[in-house]
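Notes follow the structure.
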Amino acid sequence: MTTFVLRGGLVCDPEAGSLAPGDVVVRDGRIAAPATAGAADRIVDVSGLVVTPGLVDLHTHVFVGQDLGVDPDVVGPPSGVTTMVDTGSAGAHLFGAFIRGTVEQARTRIAAFINISSVGTTSILLSGELKTLAYVDPASCRAAIDAHRDRIVGVKVRASADVAGDNGVVALDRAREVADAEGLPLMVHLGPPPASLADILARLGPGDILTHCFTGLSGTPFTEHGRVVDLVAEARQRGVVFDVGHGMCGFDPEQARAAVAAGFLPDTISSDLHTYSRDIVGSLPDVMAKFLALGVALPDVVRRTTIVPARVAGLDGAGVGSLRPGAPADLAVLRVTDGPSPTVSAELTVRGGEIVHTASS
């Protein structure tokens, strides 16, 4: 049994909402009680840094070998991300290949939303996967969910004009049908109409997710005259989850600024990291820094990048996104700078009790 201690940092516990000096003890791949620190085999000095659970990115594309996919073990550890949720890279026809070629090979934990389109998001810059309705096949999607139920945490549909043409509402309804039949949450990509914000929110209920919530492409701002618009407020009240999904064009800073000023924070902060967005997004810590710059407190930002996305993806029962004793020892040690342009970067990342990244290496 190996024990090491992260000592001297500020510990940000997203479940307690606290940020305070303390030790985090890792024993045999699990978080241990601080009282056991005296028996440590190794002390890791993290003075001046912030210790959090490993970051959970709710919106990524990590189907290695697909044009969209980034390698989770290349991009995850250097950014403090220990859990990546792939959101619809694979549909029914390629889901088995995604599992065997990426999920089962990666050290980074991966969960997935299955795309309602059987061809997934391959070659997204050439043609949208929903423009041919024959691919939007509920039967094949349900069969894939049945075959991979232990890996699939929800259903994804990109119900926007650039992806679906005139088929957005039809595809949305078919995805809703599958999610309901399988008892899974539905994640919907917000973009240009048809399939307006009102159309989408009318079909979402508790636990469903609207991603790219601060995009400027929908034509419908979340706020008006300094207050949140009614249809958005009503959706949040009934339990719809609002996810950032930064991506290439999924984040309008002015929309985000207005929403935060109106008291509307996203439920989850995610990157939508993929091949084409990587130079724009950077990393999940870079997106976190944007919300610090908007005046969101660090514990609130950490909560939205750890325990909340873990809960949304149904992973919290396994201890993902948590610092409670017995949880998997997935940890991010972050350097956070203050000022008008805050920065967040990962100095050290622990996955399953093993250090998988240090900034000096």
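Show me the strands (runs of 3 or more DSSP E) found entirely inside segment 1-51 where at least 3 residues are buried (at least 19 other Cβ atoms within 10 Å of the Cβ). Quick ask: steps written out before the conclusion?
Working: elements: 3-13, 18-27, 30-32, 42-45.
Correct list: 3-13, 18-27.
When segment 316-349 is filtered for residues that are in contact with a Gly (Cβ under 7 Å, 6 or more places away or on another chain) and either of a type in the set (S, T, N, Q) or open to solvent by less than 30 Å² (accessible area, probe 1.4 Å) (or both), the ones remaining, listed by number, are 319, 327, 328, 329, 330, 331, 332, 333, 334, 346, 349. When 300, 279 are screened for being closer than 25 Å to residue 192 by Cα, acidic (Asp, Glu) and either in contact with a helix residue (DSSP H, G or I) (Cβ under 7 Å, 6 or more places away or on another chain) or in a helix (DSSP H, G or I) (or both), only 279 passes. Taken across segment 78-100, residues that are in contact (Cβ under 8 Å) with a residue 40 or more places away in the chain, assigned to a strand (DSSP E or B), buried (at least 24 other Cβ atoms within 10 Å of the Cβ) and touching a Phe, Trp or Tyr at 6+ places or on another chain (Cβ under 9 Å) do occur, with at least one present. Could you please give the count of residues in segment 208-226 that are open to solvent by 30 Å² or more (accessible area, probe 1.4 Å) and at pLDDT 95 or above? Residues meeting the conditions: 0.
Within segment 303-324, being in contact with a helix residue (DSSP H, G or I) (Cβ under 8 Å, 6 or more places away or on another chain), of a type outside the set (Val, Ile, Thr) and in a helix (DSSP H, G or I) holds for 310, 316. The set of residues in segment 101-122 being small (Gly, Ala, Ser), within 20 Å of the chain's Cα centre (by Cα) and buried (at least 20 other Cβ atoms within 10 Å of the Cβ) consists of 111, 112, 120.
The values are calculated or read from the model by the stated rules, or taken from the named source; none is laboratory data. Just so you know, these numbers come straight off a predicted model, no measurement behind them. Reconstructed Cβ throughout: ideal geometry from the backbone, glycine too, with neighbour counts over all protein chains shown. Heads up: the accessible areas ignore ligands, DNA and RNA and are worked out on the full protein's heavy atoms, side chains in. Shrake-Rupley method; radii C 1.70, N 1.55, O 1.52, S 1.80 Å.
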